Each structure stands twice: as C-alpha cells, then as structure tokens.
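This report refers to the structure that appears directly beneath it.
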Amino acid sequence: MEIQVSTDSNIEGREELVRRVEDQLEATLARFSDRITRVEVHLGDESAGRSSRTDQRCMLEARPAGRAPVAVTNFADTMDAAIRGAADKLVRALESEFGRLADRKGGDTIRGAERS
C-alpha cells in the first residue's frame with residue numbers, strides 16, 4: 001500500500017507530519033493493506049493560519065484494487081485530531097465497502113445462515 005501525502009502552503013513541519021501520517025495510516029489500515037493499492041492524503045489549514053475552530057482538514061482517498069476510490073474528510077482543532085478522525089472514517093467506509101462486496105459475492109448472509 002503506497003501512501004502519498006500533500007499539504008497546502010499553510011502547513012509547517014511537513015517532513016515530521018508526513019512521517020506521523022504514514023505511521024498512523026499503516027497501523028490503522030493494516031488489515032486492508034492487501035486490498036488497497038494507494039492512499040492519497042491531503043492536509044490543509046482552512047483558516048490559512050488564523051485561529052479558528054475546526055480549521056484543520058484531512059482528506060483521505062483510498063484506492064482499492066479494481067474498485068472505485070473511497071474518500072473521506074475530517075475537520076478538527078488540531079491536525080493530529082483531523083488525521084485520526086479521517087482515518088477512523090476511512091476504516092468504517094472500507095468496512096462497509098468490502099462488506100457489501102462480500103455480500104454480493106456469496107458471503108454469509110442472514111438468509112444463508114437460516115438454511116444451515
């Protein structure tokens with residue numbers, strides 16, 4: 001799973017931040033790593049450095065192999081909180097996406113369990 005991080009010009013400490021993002025996403029998305037080819041991360045400061053609430057933005061776009069991209073966005077007071085929130089949202093979105101895929105391909109369903 002490849003992780004690409006981009007930031008707007010208002011983000012400071014880019015190298016350290018990129019390393020933290022990569023570490024967090026590798027740990028959070030480890031169980032999906034064989035199904036995801038790439039995760040694109042877009043970080044931004046919506047208030048361009050001015051102090052305001054929930055102005056830190058993290059957008060994550062996962063590229064599952066052979067599937068449409070799955071994207072989520074989270075806003076928070078700090079960049080770390082924005083990243084954690086977006087990672088949690090992405091996990092839920094991927095669980096939903098892969099769960100639907102398993103259901104369509106004959107995975108266990110309630111109806112199938114009742115027949116057993």
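What follows is calculated from the coordinates using simple rules that are stated; it is not laboratory data. Every value quoted in this text rests on a predicted model; they were computed, and no experiment measured them. We place every Cβ from the backbone using ideal geometry, glycine too, and count neighbours over all the protein chains shown.
Once both labels are positioned 7 Å from their Cα atoms along Cα-to-Cβ, the gap between Asp34 and Thr78 label points is 3.6 nm. In order along the stretch 29-40, the Karplus-derived 3J(HN,Hα) couplings, from 6.51 cos²θ - 1.76 cosθ + 1.60 at θ = phi - 60°, round to 9, 3, 6, 9, 4, 7, 9, 10, 8, 8, 10, 9 Hz, and Gly and Pro are given as x.
Highest mean packing comes first when the peptides 27-40, 1-14 are listed by Cβ atoms within 10 Å, giving 27-40, 1-14. Of the peptides 58-70, 82-94, the order by per-residue mean of other Cβ atoms within 10 Å, starting with the highest, comes out as 82-94, 58-70.
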